[in-house]
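The values are calculated or read from the model by the stated rules, or taken from the named source; none is laboratory data. Computed from a predicted model, the values in this text were never measured in an experiment. All Cβ positions, glycine included, derive from the backbone under ideal geometry; neighbour counts span all protein chains shown. Each accessible area value is taken on the protein alone, full model and side chains, heavy atoms only, with ligands, DNA and RNA left out. Shrake-Rupley method; radii C 1.70, N 1.55, O 1.52, S 1.80 Å.
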Amino acid sequence: MPTEADTCRKFVVPKLQAAGWETDPHSIAEQRTFTDGRIVVRGSKAERKKAKRADFLLRYTRDFPIAVVEAKSENEEAATGLQQSKDYTEILKLKFAYATNGIEIIEFDYITGLERKLQNFPTPAELWARLRAHEKLTDDSAAQRFLTPANLTTGKEPRYYQRIAIDRAVQVILQGKQRVLLTMATGTGKTVVAFQICWKLWSSKWNAKGDPTRKPRILYLADRNFLVDDPKDKTFSAFGDARHKIEGGIVTHSRELYFATYQSIAKDERRPGLYKEFAPDFFDLIIVDECHRGSAREDSNWRDILEYFSPAYQLGMTATPLRAENRDTYLYFGNPIYTYSLREGIEDGFLAPYRVQRIVTQWDAAGWRPSKDDLDRYGREIPDEVYGTSDFERRVALRARTQAVARHLTDFLKKTDRFGKTIVFCVDQEHASEMRAALNNLNADLVQQFPDYVCRVTADEGDIGRGHMQRFQDVETRTPVILTTSQLLTTGLDAPTCRNIVLVRLVNSMTEFKQIIGRGTRVRDDYGKLWFNILDYTGSATRNFADPAFDGDPAFATQEEIDEHGKIKNTEVETPEVPEDGNGEINEPTGGTIISDPPPSERRKFYYDGGQVEIAADLVYELDADGKQLRVVKLTDYTGDKVRSICPSTVELRARWSNPEQRAQIIEQLHERGIDFQTLAIQAGKPDADPFDLLCHLAYNAPVLTRRQRADRVKQQQNAFFNYFAPEARTILDELLEKYATDGEIQFSLPDILKVPPISQHGTVREIAEVFGGTDQLRSAVTELQTLLYAA
């Protein structure tokens, strides 16, 4: 019977070639994967789901795909592949979808909304003409600039969503749109997008005045030095000597690509503003990185810069969708021409999912009230009132709470990975210093070997702090492991192997929350970084997850109670169902107010060093049916619910579990829903339980048998079965049972189970099969043994 591959080789490719799709510069990209596959966390492990892959991408030029083709076997209807072709076309933001069985061709045109049958594929020129007319790319020179090749000297093509952002930005600029906004989740490569936009416009000699003799002059603006230095020195290195950083009050007019922080060119008390050393129309394009961080506010000095250079085209880039705290950005730049969200990045497998752990101290749960006549460490009487989480480290600093959090975090790292890179977000620089000292002392055994195991990185550290930060970012550098900070690391820090984000301060801004979460969303398969933890000691993560505007679901979440020693008192775990199929010049947060450290004579808070505090709660949250809100659920309850959805009764579960093939299906279905038997048995407090009995217990409240009990019962009650076989065969069956009882083998997978001791000592797979009279007889014996295990 002909396969899909046969159809492609015999019919589809020749028809595409006949239409001119392999005539330079046009090309056919066959079996093109365009996502990485969603990462699914199961217990302590993670794996990727299947990536999305198109049978054919038709490319008008090397960098510009224009259509999707899905092929089916010639024995199938061509229409069976149309929906998948349309799905991929919509994801890739293309306009033409095709499905074919090699004989029949079906086209769906998103421009007209029409579906029609064709005898032959359209030519590249035909599709390009239809697209140009729709996109109003009527100017030939603009169309030619739009198709300017991307820079691929790094060997990496832009991801599909980066290509969409690049193409849309270049197109609207060529068409005269002067203010442009791109919204892309943290970790999705905004800097790469900015580079390719600049490269295409620069190499095609576009400029705002339409002068064909010169290349554009571009200004790249950000609010922190490291947000400027890193792109300049790395991503934009292909521009060579065209690059220049404006700093030290020195101006040059001879370069084409300028980098600057707002502060280095803005006006202040001493100077009118270095930016005025340039004519208002000097720059053709200004790129504003992290533009939500105040550049568009009407009362901002930074806004003066943008308005002074109003003749220039201005491209804002942000990771945060429209919120109350960044509305000025959207009013200034307009609605984004393209948005790629956190949810999309996680779904495509380009961003890491995360596990949320909510930890509550007694004082956070019930509040803290000073006893009568309590004095702080400076001898001041503490006002008598109940203080809550929002007051801690702002109005009153509680050393016992800081110590409890540090102990709990240290214990967490000891149980997971003491060299798992971790960022701790504290209330202010002083709090970050206290937390660093506590963590340092609790990890003194490692600090002896690695003096920079724990470091504080705030604006006060200057060059030293930047050094800590750069080593933390380096995937090859082991330390520092833990960075404590307040605001400096909320944005712009690219730390691909960061495994833990720790919140010890309230984050009331969704904009800031997404920036913080973004410190951990980078994926590095080659370093085993596929997911990360969020340890939330203030409830910020839980509250923001419940916000309908939040668009990235956690892999699963836990909530813990801890005592004054940082020890866990209670834990609950949740696993949501997986879908089927610089130097800190700016101490200004994106939401709320940073309180800088005042001199000792003006201490703004009380410092209480006494008391004891316990961890009071540890919860797990699951998304509701709408996939928006989180509710508390235990892993055991979650499992029971999922088992009942697969098998409504014990009778049905037993019948299906007794059949090896159906048992494998159930195990896979539960596996897809994030249920790992080893983790489940530990959570249920029954590590020796047979998986079947554990599922029956959780789903139907049935009594639990251990694996040993089941194995012994089969030996005692099924003598007839064992006596049927020769002595050596009986020994092998006994060893299979023992393997099940001791190691928890729930699937006797043939031939793999025969290759491990002690069974492998009986010979090769072929020799063992001969003991039973052949392969079929061996398989039948093993299947019957598994059936008898669950007969009653």
Of the listed residues (THR402, THR410, THR416, THR422), the one being more than 28 Å from the chain's Cα centre (by Cα), within 18 Å of ILE534 (Cα to Cα) and not small (Gly, Ala, Ser) is THR402
Within the stretch 398-436, the residues that are part of a loop (DSSP other than H, G, I, E, B), open to solvent by less than 10 Å² (accessible area, probe 1.4 Å) and not hydrophobic (A, V, I, L, M, F, W, C) are GLY420, ASP428
Note to self: ASN500 - would you say it is outside any loop (DSSP other than H, G, I, E, B), modelled with pLDDT of 95 or more and touching a strand residue (DSSP E or B) at 6+ places or on another chain (Cβ under 8 Å)?
What the structure shows: no
- [ ] Could you tell me whether the stretch 728-741 includes any residue that is among the β-branched types (Val, Ile, Thr), surrounded by fewer than 18 Cβ atoms within 10 Å (Cβ to Cβ) and farther than 22 Å from GLN662 by Cα?
- [x] yes
When SER73 is run through (1) part of a loop (DSSP other than H, G, I, E, B); (2) crowded, with 22+ Cβ neighbours inside 10 Å, the failure sits at (2)
Conditions (1) aliphatic (A, V, I, L, M); (2) buried (at least 18 other Cβ atoms within 10 Å of the Cβ); (3) outside any helix (DSSP H, G or I) -> VAL782 fails only (3)
When the stretch 25-65 is checked residue by residue, the ones that are in contact with a Lys or Arg (Cβ under 7 Å, 6 or more places away or on another chain), open to solvent by less than 60 Å² (accessible area, probe 1.4 Å) and part of a strand (DSSP E or B) are SER27, ALA29, ILE39, VAL40, VAL41, ALA54, LEU57, PRO65
* To do: Inspect all residues belonging to the stretch 216-223 and state whether any of them is at pLDDT below 95, over 30 Å from MET510 (Cα atoms) and open to solvent by 30 Å² or more (accessible area, probe 1.4 Å).
  => no
Residue hits (the stretch 650-687; surrounded by 15 or more Cβ atoms within 10 Å (Cβ to Cβ) and outside any helix (DSSP H, G or I)) are ASN659, ARG673, GLY674, ILE675, ASP676, LYS686
Within the stretch 94-142, restricting to residues that are of a type in the set (Asp, Glu) and closer than 30 Å to ASP211 by Cβ, the one that is surrounded by the fewest Cβ atoms within 10 Å (Cβ to Cβ) is ASP140
Checking THR458, THR484, THR477 in turn, the sole residue that is over 20 Å from VAL356 (Cα atoms), of a type in the set (Ser, Thr, Tyr) and modelled with pLDDT of 85 or more turns out to be THR477
Counting only residues that are in a loop (DSSP other than H, G, I, E, B) and open to solvent by 30 Å² or more (accessible area, probe 1.4 Å), the stretch 375-388 contains a total of 8
Residues in the stretch 329-345 that are part of a helix (DSSP H, G or I) and either buried (at least 19 other Cβ atoms within 10 Å of the Cβ) or among the hydrophobic types (A, V, I, L, M, F, W, C) (or both) total 8
Among ASN151, ASN101, the single one that is under 26 Å from LYS52 (Cα atoms) and in contact with a Phe, Trp or Tyr (Cβ under 6 Å, 6 or more places away or on another chain) is ASN151
request  = Evaluate the following for ALA741: is it at pLDDT below 85, assigned to a helix (DSSP H, G or I), out of contact with any Gly (no Cβ under 8 Å at 6 or more places or on another chain) and under 30 Å from GLU652 (Cα atoms)?
outcome  = yes
key: Qualifying residue in the stretch 221-240 (condition: farther than 19 Å from ASP463 by Cα, in a strand (DSSP E or B) and not hydrophobic (A, V, I, L, M, F, W, C))   = no
Within the stretch 159-197, the count of residues that are under 18 Å from the mean Cα position of the chain (by Cα) and either assigned to a helix (DSSP H, G or I) or modelled with pLDDT of 95 or more (or both) comes to 7
When you check ASP211 against the structure, is it in a helix (DSSP H, G or I), out of contact with any Pro (no Cβ under 8 Å at 6 or more places or on another chain) and either at pLDDT below 95 or charged (D, E, K, R) (or both), yes or no?
no
